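Q: Dropping the structure in here first, questions after.
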Amino acid sequence: MSVLLIAVMVAGCSKSNSTDKEGEKTDTPTQTEPVGDKSTDPGTAVAEDTPTDGGTLTISSFSDIVSANPLFIQDTSSGDAAFFMFANLYDLDREGNVAAEPWSLASEKPEISEDGKTYTIKLKTTAKWSDGQPVTADDVVFTFDAIRDPKVASPGISQFDKVDKIEKVDDYTVRVTLKQVYAPFQYVIASAIVPAHVLKDVKPEELLKHAYGTDPTKTVTNGPWKWTEWKQNQNLTFEADPSYWGPKPHIQKVIFKIYADQNTEVQALLKGDVDLTQAIPVTQVEAVKQKSEINVVLEPGPLYEYVGFNFNADNFKDKFIPFSTPKSRQAIAYALNRQGMVDNVLKGTGKLMNAPFLPGSWADPGDAVVNYGYDAEQAKKLLAEDGWVAGSDGILVKDGHRFAFELQYNAGNSRREQVAAVMQQNLKDVGIEMTPKAIDFSAWVEQNLTPGKYEAVLLSWSLNNPDPDGESIFSSKYFPPNGQNSGWYKNEKLDQLWVDGYSTVDQNERKQIYAEVGKEISTDLPYVFMYQYGLPEGIGPKVKYEEGDRPEPTLPYGYFFHINNWWIDSK
Amino acid sequence: MTEYLIRRFIQSLFVMFLISIVTFALIHAAPGGPTKIFLSPGLSQEAAKVQAHNLGLDRPLPEQYVKWLGNLIQGDLGYTFKNHLPVADILWPTVGHTIVLMGTAWFLSMLIAIPWGIYNSTKEYGWSDQSASFISYIGFAMPTFWFGILLQELFALKLDWLPLSDMWTIEKEGQIGDLLLHLVLPVSVLTLGFLAGYVKYARTSMLEVLEQDYIRTARAKGVRESRVIYRHALRNALIPIITIIGLDLPILVSGAALTENVFNWPGMGRLFVEMALAREYSVLMAITIVTAVLVIIGNFIADLLYALVDPRVQLGRKGGTAA
């Protein structure tokens, strides 16, 4: 079962992004759906009384961490663990803007120069590491330089490829100069840093093997909780750091309990063994909701599913791509009953999408994109216009080729399995033969996704920051095997629009560019964008927070949003 | 005897060597094998290459194998690829946890199954025999993890008598009482599974022996029935049972992945599944090797036990049991 989650998370796209001036937002994206089900759940976690200090928060996790060293974090579990023990240079506010919160290392928002190429980071002078050393510009410079060094082999290296130089201005100021304007960079620096005084003498190629990040006693941190224990495949323990420099958290102890089985994980939530579960399988949501004291947060997370088409003729029989025309792809989009999939497979925990922007986010072009409602007649009409005629077996034929293709997904992912089955039926209704094929995830990545060898795939992107930039997955600059545009999609207009989109830091201007992207991409359809989704979060009755500190699932790590302010009701 | 032991030992070494080659080759041939471990759509190819190089994964396979084998012989199981933790530190605790769980279930099931099977063989088709059959059917037919979920639902959630999962309550780690409480449900599941087989083996094996001529002779001589059963029949009936036990020994350590998953028991079966998903090949190879050693030891112990229960068995003789 864990393949399911890994498959989603490993496929996380390293998008990097930026939002700028707060006042320019025209919508407040996160208000569009109520959090939890407060009207029917009298016992929600929203506060009725005042915060108390102490107590233990037990969080269930589906897999163990790999390393909590911020230089090497790639998987969700390690990121979750790091969230508790590391402060970030900047944090995100509820709307997804970069902010210098009281618990952020920076004292104010990054200062961006007139030409948009220079970012000045100002640190708080009060921040300290858990060994008493101050957090200084040296730590920031060391961290960024390490990520940029190919010998270190940090997964974050590509995020820094537009950086020209990094300089220490004084003990608490760092200046980063970019080679070109790159608006998403603001989110790149909203990250955790490592202590230079601990790691500076380690050879770059030895950093991965260093015990920093795997041995709690050697992991010097700067966050509200410090790491006290790691029992592999069992649990991790964090305790409030008495010497923490920022606003003290209420919760004294945080335990990550690792569960091998999702069903057991949910039962542990029901029994009260755990207080917070990040991922309740959709099939169990109803059962959990029936237990009224558990607060179920249904809002989808920062990830979306799509059907990706391949545009490289070498991958097809007779080099014939059945969906080579926009019309044929639009017909596929019309033929799919996406709302039905959201209602029945996702049990209502998803939102339809028509472009690669999360619904309600600032870049969401809204009505500017083409909306593909479920309309089989329209699909048939488009296919007829495109020159397809029904063959003897009911499948459409053009120039002697049948409209048939294979859709790959990872074996063991029950959501994709069900969605693929619905798709197969939907497409058959309009005369298209689609064959679903489940493949073991690691083999799939190696043999199909990385080299870009498939006809069509059902896959997801998880967005690790709220910026709308999607160049690295849609631009023809990023063809396989080195890039993530595994479908060999090429659209010169879009290639340019993506560049335009990140080449200005003016959010209004960017918004217009992404509206243009949305229009083009929803017409040309390199993907059929399916839905934003996410597994519901479950919060037990002991956990309390003020309304303003409620979880924000659409943000990365949003299930822990403002957790410093949460408390445990020990009554 | 000594000669037998030495010969057996050398044979075992050779088998181990073959197993190590096959394991190593298979794992490296698998898609997504060690050299591709860092290739994920999230990580740049260049970073993946550097990491693979730092770990020596870009060296020729025979060279990697020799290095791995050399370390293994010195007792060094190597390190995990992704976070450089000693494999031994991850593996050995889980072996202990699994032995506690499986050992308890196995011992308990033998304790029940063998006397019960013997008793049932003397009262064929009696109510005790019938109920043993019934329990066996259930034990064979019901998937263990499903039975586990049922027990959890009833005893941990509805009645709230027992803990749901894990080996200890986190604050009570190391307390025997807490461990026993946590053992009840998983041990029940596993015991039922073992019991189903053992009670049948014990009964069948006894029945076979009881039909033999020498039993009839003993009875005809007027030997007491209890002496016939426990002295004459049991000794002979135990031989096939010991074979089964010997074959089952490695399970005590390799664990029951499904049961361990459902009860979140930090054992080796669960470790194997998790490490397979994480593609931590050094751990997988270590588990395979450890299991192989146990299979060999298990068979060896079974051989020694044959000799113990049946003096006619002479180890090392061709043909084995000829007296």
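Q: With the contact rule set at Cα under 8 Å and sequence spacing of 6 or more, what percent relative contact order holds for chain A?
A: 23
Q: Then there is this: How large, in percent, is the carbon and sulfur part of the accessible surface of chain A at a probe radius of 1.4 Å?
A: So the carbon and sulfur contribution to the accessible surface is 49 percent.
Q: How large is the direction-averaged shadow of the alpha-carbon convex hull of the protein assembly as shown, in nm²?
A: 43.8
Q: Let me ask something else. Determine which residues of the range A:453-470 fall in the zone a paramagnetic label at A:His401 would reach in this model, i.e. backbone nitrogen under 18 Å from the point 7 Å along Cα→Cβ.
A: From the range A:453-470, the list is A:453-457.
Q: Using Cα pairs under 8 angstrom and six or more residues apart, how large is the relative contact order of chain B, in percent?
A: 24
Q: Please compute the modelled spin-label separation between B:Leu159 and A:Asp343, points set 7 Å along Cα→Cβ, answer in nm with one decimal.
A: Rounded to a tenth, the inter-label distance reads 4.3 nm.
Q: Quick one: if the Förster radius is 51 Å, what FRET efficiency do B:Gln212 and A:Glu293 give, using the C-beta to C-beta distance and rounding to 0.05?
A: Using R0 = 51 Å, I get an efficiency of 0.20.
Q: In the structure shown, do any of A:Lys128/A:Lys200; A:Lys381/A:Lys428; A:Lys203/A:Lys226; A:Lys437/A:Lys519 have a Cα-Cα gap over 20 Å, and if so which?
A: A:Lys203/A:Lys226; A:Lys437/A:Lys519
Q: Just to confirm, what accessible area per residue do you get for chain A at 1.4 Å probe, in whole Å²?
A: 35
Q: Separate question: Can you work out the FRET efficiency for the pair A:Asp393 and A:Glu286, with r the C-beta to C-beta distance and R0 = 45 Å, to the nearest 0.05?
A: 0.65
Q: Still on this structure, please answer the following. Between the chain alone and the structure with every protein chain in place, find the residues of the range B:53-81 that drop at least 10 Å² of accessible area; heavy atoms, 1.4 Å probe.
A: So the qualifying set is B:Asn54, B:Leu55.
Q: Follow-up. When Lys and Arg each count +1 and Asp and Glu each count -1, what net charge do the other residues less than 14 Å away from A:Ser328, Cβ to Cβ, add up to?
A: 0
Q: Work out from phi, with θ = phi - 60° and the Karplus expression 6.51 cos²θ - 1.76 cosθ + 1.60, the ³J(HN,Hα) of each residue of the range B:294-304, listed in order in whole Hz, and give x for Gly and Pro.
A: Rounded to whole hertz, the list is 5, 4, 5, 4, x, 5, 5, 4, 4, 4, 5.
Q: Would you calculate the separation in nanometres between label points at B:Thr2 and A:Asp170, each defined as 7 Å from the Cα along the Cα-to-beta-carbon direction?
A: 8.4
Q: Kindly work out what percent of the DSSP beta bridges joining two residues of the protein assembly as shown are antiparallel, to the nearest 5.
A: So the antiparallel bridges in the protein assembly as shown amount to around 75 percent.
Q: Could you tally the net charge around A:Asn564, taking each other residue with its Cβ under 11 Å from the Cβ of A:Asn564, Lys/Arg +1 and Asp/Glu -1?
A: Result for the neighbourhood of A:Asn564: -2.
Q: Right, something else. Along the positive direction of the dipole of chain B (beta-carbon charges: Lys, Arg +1; Asp, Glu -1; about the Cα centre), which of B:Val199, B:Leu179, B:Tyr119 reaches farthest?
A: The listed residue farthest towards the positive side: B:Tyr119.
Q: Rounded to whole Hz and in sequence order, give me ³J(HN,Hα) for the range A:469-474 from the Karplus expression 6.51 cos²θ - 1.76 cosθ + 1.60, θ = phi - 60°, writing x for Gly and Pro.
A: Karplus values, whole Hz, x for Gly and Pro: 4, x, 4, 5, 10, 10.
Q: Another question, if that's okay. Loop-only check: which GluC sites (Glu not before Pro) in the range A:435-478 are DSSP coil with at most 14 other Cβ within 10 angstrom?
A: none
Q: Can you send over the carbon and sulfur percentage of the accessible area for the range B:91-309, probe radius 1.4 Å, protein chains only?
A: 69
Q: Starting from the Cα of B:Lys82, draw a straight line to each of the aspartates and glutamates and keep only those under 18 Å, dropping any in the same chain fewer than 8 residues away.
A: Leaving aside aspartates and glutamates fewer than 8 places away in the same chain, those within reach of B:Lys82 are A:Asp64, A:Asp75, A:Asp80, A:Glu205, A:Glu206, A:Asp215, A:Glu446, B:Glu46, B:Asp58, B:Glu274, B:Glu280.
Q: With every protein chain kept in place and ligands, DNA and RNA left out, what is the accessible area per residue of chain B? Probe 1.4 Å, answer in Å².
A: Dividing the accessible area of chain B by its residue count gives 50 Å².
Q: Quick one: longest stretch of chain B between exposed loop trypsin sites (Lys or Arg not before Pro), exposed meaning at most 16 other C-beta atoms within 10 Å and loop per DSSP?
A: B:1-122
Q: Also: For A:Val135, which sequence-distant residues (separation of 5 or more, or a different chain) have an amide H within less than 5 Å of its own amide H, given hydrogens modelled in the peptide plane?
A: A:Ala127, A:Lys128, A:Trp129
Q: Between A:Asp49 and A:Asp145, what is 0.36 nm times their sequence separation minus the Cα-Cα distance? Round to one decimal in nm.
A: Extra length from A:Asp49 to A:Asp145 when fully extended: 29.9 nm.
Q: Exactly which GluC sites (Glu not before Pro) in the range B:182-273 are in a DSSP loop and have at most 13 other Cβ atoms within 10 Å?
A: Sites meeting the loop and neighbour criteria: B:Glu211.
Q: Whole-Hz Karplus ³J(HN,Hα) for the range B:197-204, in order, using 6.51 cos²θ - 1.76 cosθ + 1.60 and θ = phi - 60°, x for Gly and Pro?
A: x, 4, 5, 6, 4, 4, 5, 4
Q: Follow-up question, since we're still on this one. What FRET efficiency comes out for A:Ser414 versus B:Tyr65 if R0 is 60 angstrom and r is the Cβ-Cβ distance? Round to the nearest 0.05.
A: 0.95
Q: Would you calculate, for chain A, the mean residue ellipticity at 222 nm contributed by helices, counting each DSSP H stretch of 4 or more residues as -39,500 (n - 2.57) and dividing by all residues, to the nearest 500?
A: -6500 deg cm²/dmol
Q: List the pairs from A:Lys117/A:Lys165; A:Lys248/A:Lys271; A:Lys327/A:Lys380; A:Lys253/A:Lys291; A:Lys209/B:Lys67 whose alpha-carbon separation is above 22 Å, in the order I gave them.
A: Distance filter (> 22 Å) returns A:Lys248/A:Lys271; A:Lys253/A:Lys291.
The values are calculated or read from the model by the stated rules, or taken from the named source; none is laboratory data. Quick caveat: nothing in here was measured; it's all calculated off a predicted structure. Note that we place each Cβ from the backbone using ideal geometry, even for glycine, and neighbour counts take in every protein chain shown. Ligands, DNA and RNA are stripped out before the accessible areas are found, and what is left, the full protein with its side chains, is counted by its heavy atoms. Shrake-Rupley method; radii C 1.70, N 1.55, O 1.52, S 1.80 Å.
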